[in-house]
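Taken together, the values in this text are just the output of simple stated rules run on the coordinates, not laboratory data. As the structure is a computational prediction, the values presented were derived from the model and not from experiment. All Cβ positions, glycine included, derive from the backbone under ideal geometry; neighbour counts span all protein chains shown.
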Amino acid sequence: MKTKKVESISAPKPYANPYLAGVLLGLVLLASFLSLGVGLGASGGIARIGASLSLCVAASHTLGSEYFGEWGTRPLNYYLVFMFVGTLLGALFSALLANRARIQVERGAGTSIGRRLGYALTGGLIVGFASRLARGCTSGQALSGGALLLTGSMVFLVCLFAGGYATAWFVRRQWHD
Amino acid sequence: MINPLYSLNALDTPLAFFLALLIGCGFGFALERAGFGSSRRLAGVFYFTDMAVVKVMFSALITAMLGLSFLVAFGWIQLEQIYLMPTIYAAQIVGGVLFGVGFVMGSWCPGTAAAGVASGRIDALVFLIGVTGGSILFNEVFPVIRSLYTTGNQGVQMIYATVGMSRNGFMLVLTLVAVAAFWLSEWVEKARTGHTAYLRSPFLKAFSLALVTLALGLFMLSPATTGASAEPVESTAVTAVDEQALMESVEQALDHIEPEELAARLMAGEPGLLVVDVRPAAEFSGFHIRGALNAPLAELAETLQPYRNRGLIVLYSNGMTHPAQARDSLQRRGFGNVYILTDGLQGFRDRCLKPVSLRTEPLTAGDAARVNAWRAFFATPAKVGPSSEAANEAMPRVIETDWLIARLGTPGLKVIDLRSQPEYNTAHIPGALSLNVESLRGNIGGVPSLLLPPAMLAAQFSLLGLQPSDSVVLVSGEKFHDATLA
């Protein structure tokens, strides 16, 4: 009886109702529109971190480059960088609250850690590049721009799922149990 | 009435950073609550095993869309006060497809990966390292793919206008699509995994009904856009008013500036006057109005953002079509200070720079003197001319720190730091530009380290944002090598 109780405390709690979690996310987005006047964003903050790393390694090359050069000598001085830090903090709070924080590599049981991390790294590279090209990611372009009914954001959203479903079959093995 | 920081041009203030941090906390919390700290759950959408991505994404999108539309209908905020991203089909189609490929491979997207890292997922951390690398890669290959990044920039396009619907009508259709997607997602999950939490549940029925009711409610609030009376041009009352103001200013030619007036104001060195050449760089380097900035049309809004409603912006090209279109686009984005040069560069040449001897119309002696003064000012390459030399006569050659402190931030006063890049990076005078003196020298006619020809120097200085009318303060380190510049 006693051990069962301990187990139930340490077990991760079930996820929230996805529709209500979506409404909460929508209200956060609305708050961002009203206070900042811009939508949510994640890839922009990460790209700024990339620019900052690039500055550390090759300062004059970065400042002279056409894209990062626009961001000047202090690329981290940008609201999306702060939003990204907030995202980490808010998610950490929620994960600890629901007992869902676990150090692990999430993958199918039939997949090696190396394969899963290889996919994650390659996927990350492509996503990082694509978000700069499309001027935003799922948060900044698809969700924020979609809620504003912008044509380009809707096109991005449709193409995102088209690309995803077209590739899904080829990379399915990482989730095989 | 709410004024978001973007509309106040205050996104780079500590207040904005603090608010962004708070909003980020809410963002991360909502993502983790939804279960987006798990890559398995995210990947589920592509294998029809867990459709949470569709449910959360559509619920959030519809909530924010309807919420914002209600606030606009109540008059609390205007859509123009929010940053509206441009539509660039090529970049967004290619970017979208690539993003989808990367999304399904990594089973993360940038925001959810942050939630994943916070939940201890090592695959999320590796994914984010990849995203950082991908961003750096983009910067490195940017010169090659620049045309893909900017080609076909449509400016701000609204999807309902693109498909020819009214705003409220489109939102109702989108809400119905979302509700259908919710039910389909539940059905697919049941078919694939055998269990479903919400299919035919009272909750999902009530939730669907609430969203559709809210979408219908918008028709009541803004009857002007309902039914058959909806005009495609006027999607909302707000933009209709703006469009009307725009057309009125066009009708009264309030958006024009005559060549003679521009010439006079430029020669007077009017502060806050920004002349923008929207022609291709090659034509710009051939000839341009002295002091003009070269900006491609596609990047105009971004380039001019710092000057939005500050000072006076004058656009010109060879003719008037492109500047006029650019001006309308900029006005829709909230620029109220953009003017176009009547008859473009051609008009400027004919009316200001054409030599007196070639003119057919009779000129008074005063007019002739004026034309000669313009020619002396504009038709010679941009270098320090006698007029600005005279103006500088009253200024000290070597200045004291106090003198600079008192004048720092004055328009027209530019500070150039000549020290090496690392020294500049460590600390510099606020607003100072960094310049390597060696970049002004080059190999000319086989002789190394000669000062570049005036035209190239002028191009360098205009890249720095220096105008002939500016006063320049040079800051050097231990060594004095500014004689080249002075």
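The residue list A:Pro14, A:Gly44, A:Cys159 was ranked by how far each Cα lies along the charge dipole of chain A toward its positive end, using unit charges on Cβ atoms, and A:Pro14 comes out on top. Sparse packing (at most 14 other Cβ atoms within 10 Å of the Cβ) combined with a DSSP loop state is found for the following GluC sites (Glu not before Pro) in the range A:51-153: A:Glu66. The alpha-carbon positions of chain A define a convex hull whose volume is 177 Å³ per residue.
Averaged over the residues of B:201-212, the number of partner chain Cβ atoms lying within 10 Å of the residue Cβ comes to 1. Per-residue ellipticity at 222 nm, computed for chain A from helices alone with -39500 (n - 2.57) per DSSP H run of at least four residues, works out to -19500 deg cm²/dmol.
This ranking places B:Tyr160, A:Tyr79, B:Tyr47 by how few other beta-carbon atoms lie within 10 Å of each, fewest first, which gives B:Tyr47, B:Tyr160, A:Tyr79. Per residue of peptide B:145-158, the mean number of Cβ atoms on other chains within 10 Å of the residue Cβ is 2. Listing A:Cys56, B:Cys352, B:Cys109 from fewest to most neighbouring C-beta atoms within 10 Å gives A:Cys56, B:Cys352, B:Cys109.
How are the C-alpha pair distances of the range B:20-176 spread across 5 Å bins, as whole percents from the shortest bin up? Cα pair-distance distribution for the range B:20-176, in percent: 2, 8, 12, 15, 18, 18, 16, 10, 3, 0.
Multiplying the residue separation of B:Asn436 and B:Ala282 by 0.36 nm and removing their Cα-Cα distance gives an extension gain of 53.0 nm. Note on A:112-122: average number of Cβ atoms from other chains within 10 Å of each residue's Cβ is 6. Both radii are taken from the alpha-carbon atoms of the protein assembly as shown; with Rh as the Kirkwood radius, Rg/Rh is 1.03.
Going from the fewest other Cβ atoms within 10 Å to the most, the residues B:Ile145, B:Ile88, B:Ile405 appear in the order B:Ile405, B:Ile145, B:Ile88.
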